[in-house]
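The values are calculated or read from the model by the stated rules, or taken from the named source; none is laboratory data. Quantities reported herein were computed from a predicted structural model and do not represent experimental measurements. Neighbour counts are summed over all protein chains in view; Cβ atoms, including those assigned to glycine, are modelled from backbone coordinates with ideal geometry.
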Amino acid sequence: MTLGVAWYPEQWPAERWGEDLAHMRRLGIRVARVGEFAWSRLEPAPQDFRTEWLVAVCDLAERHGIGVLLGTPTAAPPKWLVDRHPSVLQTDRSGRARPFGSRRSYSFSSPIYRKYCARIVREVAGTVGEHPAVVGWQIDNELGCHDTTRCYGDDAAQAFRLWLEARYDTVEALNAAWGTVFWSHEYRDFSEVDPPRESQTFGNPAHELDFRRCSSDQVGSFVAEQAGILRALSPGRPIGTNLMMCAGEFDERKVAAELDVVQWDAYPVALMGFATDAESVAAVGRTGDPDLFTFSLDLFRGLKGRATWGVELQTGNVNWSRRNLLPAPGALRLWAHAATAHGADLVGWFRWRALPYGPEQWHAGLLRHDASEDRGAAELPRLAEELAVRRPGPAKPPGAPAPVAPSQVAILHDYEDLWALQLGPHGPYDYWRHLLGEYTALRSLGHMLDVVHPNADLSRYRLLAAPALHLVDEALAGRLAAYVEAGGVLVLGSRAGQKDRNSRHVPAAPGPLRPLAGAVARNWESGHPALAHSVRHAGAEHAVHMWVTSLEPTEPGTEVEAEFTGGLFAGRPAVTRRRAGAGTVFWSGLCAGPALTASVYAAALDAAGLPAQPLERWERRSERDGLQYRFDWAKAEVDLSWPLP
Ligand code: GAL
């Protein structure tokens with residue numbers, strides 16, 4: 001594990017740089033991320049490239065033993081570029097161009113923007129790509145942040161039409177797949193299809209889903225273009241792009257396939273600033289939700305099955321939450337160890353020094369505006385020592401990340417399920433909240449989890465949770481059946497197999513999973529707490545309302561694991577269980593609260609021969625490379641299983 005920091009030398013006088021680097025070194029920092037918003041300083045006018053300052057920064061960093069993680073500056077196009085080519089700007093759903101003045105003011109589908117990006121990336125990488133200080137690359141910054149993945153302008157429309165033609169071949173096939181006969185949406189030619197712009201009321205979910213797929217692919221090809229240039233001009237330096245927690249605006253797995261390392265950002269306390277549950281805020285308002293943090297890291301690790309790099313982790317209070325709380329003393333140390341335990345090899349803090357001007361002037365850094373050390377910095381020297389003990393030997397800048405050993409339990413996550421359920425929530429159902437609730441249940445029973453795509457190698461897991469599996473085809477159903485037949489335990493969730501890949505309802509859920517589950521869904525509702533249903537499991541009664549399904553066994557051997565004991569579905573099964581080959585499949589038709597969710601998982605873990613080790617509310621245990629960690633998120637404490645200096 002290496003410590004890093006986001007540093008913006010272009011925002012400070014050059015005379016300050018040496019002192020900054022020396023100070024970083026004293027705090028145990030070995031990597032500085034530089035350059036991701038510096039386009040106007042690298043190319044102040046068209047083709048007037050000024051990279052000398054970046055060379056000077058790299059030279060100086062090398063002298064201080066600090067590696068440079070270089071950002072390509074494409075997240076913030078300079079004014080001259082958008083003035084010259086207004087078509088590069090984002091167009092929102094209502095058809096309005098989003099003006100220059102913040103950042104991310106570009107469309108992924110703009111061929112002109114891509115040309116300028118390729119040119120500046122070639123220039124930067126051609127100048128410093130082989131500099132000995134350069135240890136890796138970050139492409140752009142938080143792709144898709146500020147709702148910028150999907151653009152509704154002319155370039156995006158053109159890209160969408162080509163994408164549809166490649167997918168469907170004929171417009172008749174598109175009409176059939178989308179069901180455009182409804183409300184007279186039928187098209188005569190691909191050229192008639194527009195992005196799903198703002199309209200009177202509901203659009204067609206199949207249209208929206210394909211637009212999300214296409215927009216996601218635009219992000220992928222944008223990244224691939226830059227990665228290709230960097231690979232050629234800066235060989236041997238891992239390339240990534242920083243992903244955000246529970247964003248999912250594009251298929252991060254496909255994007256990660258273009259990259260060498262998954263990079264991520266995390267602001268655990270900032271997210272608590274949006275929380276409304278006073279009890280959680282009182283307990284972990286200054287450390288963050290443990291499961292939201294590690295779920296994200298497990299997901300990022302699962303994108304390539306390899307160690308990740310954290311490139312932005314909170315240091316103090318931010319400027320963008322609803323309430324901008326200060327982290328607890330010890331929070332930075334807690335996060336860095338939790339990040340290590342969940343697969344990170346680098347933790348970079350955001351940012352080095354608070355800046356007195358600009359949109360983020362209220363954002364804290366390791367140093368205050370006056371360059372004195374802020375609260376977070378106080379934790380770093382001890383942390384750096386502990387991390388050095390974990391991996392004996394001198395702290396080195398990171399190399400290409402190594403695989404991380406898999407857990408025995410995995411939770412399935414597919415971006416297409418996320419999108420389909422966001423487009424058809426049918427009430428207050430929320431994909432991320434549901435997945436996270438199930439993750440929390442398994443974590444609170446003491447297990448480490450992998451978060452994996454349904455196409456990953458599933459055979460290594462003893463228990464597979466599929467709480468939000470939604471779009472299911474025959475091929476996937478076959479793979480899951482083989483997994484169970486071979487002895488795996490599968491837990492299907494509330495909205496399993498309701499739809500096919502075109503986002504059309506199957507005749508009866510769970511569609512192709514029906515023979516495996518041995519049951520069908522009869523009715524469901526996104527309910528109301530005042531009309532809750534009661535469910536009995538393992539001798540206890542639980543109220544459920546968020547998503548409630550009544551199941552009906554259809555195969556011999558399907559048992560009732562939990563039953564409705566009150567409400568509209570009284571007497572019907574709420575959770576079924578069935579042996580199939582050497583394994584077992586559970587199906588819970590519920591989006592339940594923590595107690596019932598944990599109760600069902602305890603039964604599933606038992607069936608998988610994995611012991612449940614229930615933990616205290618804010619206690620979590622993790623393990624990596626045989627090293628054990630115990631975290632108390634309410635007290636901001638970490639117990640490590642190895643001797644400390
Ligand atoms: C991140 C972003 C940074 C900075 C930071 C502030 O989302 O990547 O550039 O804006 O938030 O918390």
| remark: Exactly one of GLY126, GLY67 is away from the ligand (no atom under 16 Å from the Cβ) and under 20 Å from TYR8 (Cβ atoms), and that residue is GLY67
| Filtered residues of the range 578-603 (kept if closer than 26 Å to LEU615 by Cα and either in a strand (DSSP E or B) or not assigned by TED's automatic domain parsing to the domain that holds PRO467 (or both)) | THR584, VAL585, PHE586, TRP587, SER588, CYS591
| message | I'd like the full set of residues that are more than 22 Å from GLN628 (Cα to Cα) and at pLDDT 95 or above, limited to the range 381-423. | response | LEU412, HIS413, ASP414, TYR415, GLU416, ASP417, LEU418, TRP419, ALA420, LEU421, GLN422, LEU423
| remark: When every residue in the range 307-331 that is touching a strand residue (DSSP E or B) at 6+ places or on another chain (Cβ under 6 Å) and not in a loop (DSSP other than H, G, I, E, B) is compared, the one nearest to the ligand (Cβ to nearest atom) is GLU312
| query | Are any of the residues in the range 517-524 surrounded by fewer than 16 Cβ atoms within 10 Å (Cβ to Cβ) and over 19 Å from ALA604 (Cβ atoms)? | reply | yes
| Selected residue (criterion: modelled with the lowest pLDDT) from residues of the range 2-21 that are more than 16 Å from the ligand (Cβ to nearest atom) and within 19 Å of LEU70 (Cα to Cα) | THR2
| request: Would you be able to say whether some residue in the range 254-272 is at pLDDT 95 or above, out of contact with any strand residue (DSSP E or B) (no Cβ under 8 Å at 6 or more places or on another chain) and hydroxyl-bearing (Ser, Thr, Tyr)? | output: no
| said: I'd like to know if the range 25-44 contains one or more residues that are closer than 19 Å to GLY348 by Cα, within 16 Å of the ligand (Cβ to nearest atom), of a type in the set (Asp, Glu) and out of contact with any Pro (no Cβ under 7 Å at 6 or more places or on another chain). | reply: no
| message | Of all residues being within 15 Å of the ligand (Cβ to nearest atom) and among the aliphatic types (A, V, I, L, M) in the range 71-93, which is surrounded by the fewest Cβ atoms within 10 Å (Cβ to Cβ)? Just the residue, please. | response | ALA76
| query | Which one of these does SER109 not meet: (1) closer than 27 Å to ASP194 by Cβ; (2) in contact with an Asp or Glu (Cβ under 6 Å, 6 or more places away or on another chain); (3) within 16 Å of the ligand (Cβ to nearest atom); (4) not charged (D, E, K, R)? | reply | (3)
| task | Kindly list, by first and then second residue, each pair from a residue in the range 200-226 that is in the same structural domain as PHE250 (by TED's automatic domain parsing) and modelled with pLDDT under 95 to a residue that is assigned to a helix (DSSP H, G or I) and surrounded by 21 or more Cβ atoms within 10 Å (Cβ to Cβ), limited to pairs with Cβ atoms under 6 Å and residues at least 6 apart or on different chains. | result | none
| message | With the structure loaded, tell me whether LEU334 is outside any loop (DSSP other than H, G, I, E, B), surrounded by 23 or more Cβ atoms within 10 Å (Cβ to Cβ) and out of contact with any Cys (no Cβ under 6 Å at 6 or more places or on another chain) or whether it fails that test. | response | yes
| remark: If we take the range 198-286, then helices (runs of 4 or more DSSP H) inside it with 1 or more residues that are away from the ligand (no atom under 16 Å from the Cβ) are 205-233, 252-257, 278-284
| task | Among what's in the range 129-151 and is within 13 Å of THR72 (Cβ to Cβ) and either without any contact (Cβ under 8 Å) to a residue 40 or more places away in the chain or part of a strand (DSSP E or B) (or both), pick the residue that is nearest to the ligand (Cβ to nearest atom). | result | GLN138
| task | Examine the range 252-266 for a residue that is under 29 Å from HIS505 (Cβ atoms), touching a residue at least 60 places away in the same chain (Cβ under 8 Å) and of a type in the set (Asp, Glu), and state whether such a residue exists. | result | yes
| query | When you scan the range 31-110 for helices (runs of 4 or more DSSP H) that lie fully inside it, which ones turn up with 1 or more residues that are touching a residue at least 60 places away in the same chain (Cβ under 8 Å)? | reply | 39-42, 52-63
| Across the range 338-374, which residue is farthest from VAL5 (Cα to Cα) among those that are more than 16 Å from the ligand (Cβ to nearest atom) and not in a loop (DSSP other than H, G, I, E, B)? | ALA341
| If you go through the range 110-124, how many residues are surrounded by fewer than 18 Cβ atoms within 10 Å (Cβ to Cβ) and within 18 Å of ALA159 (Cα to Cα)? | 3
| request: Considering each residue of the range 495-524, count those that are under 21 Å from MET546 (Cα atoms) and of a type outside the set (Gly, Ala, Ser), and give that number. | output: 9
| Does ARG119 count as of a type in the set (Lys, Arg) and in a helix (DSSP H, G or I)? | yes
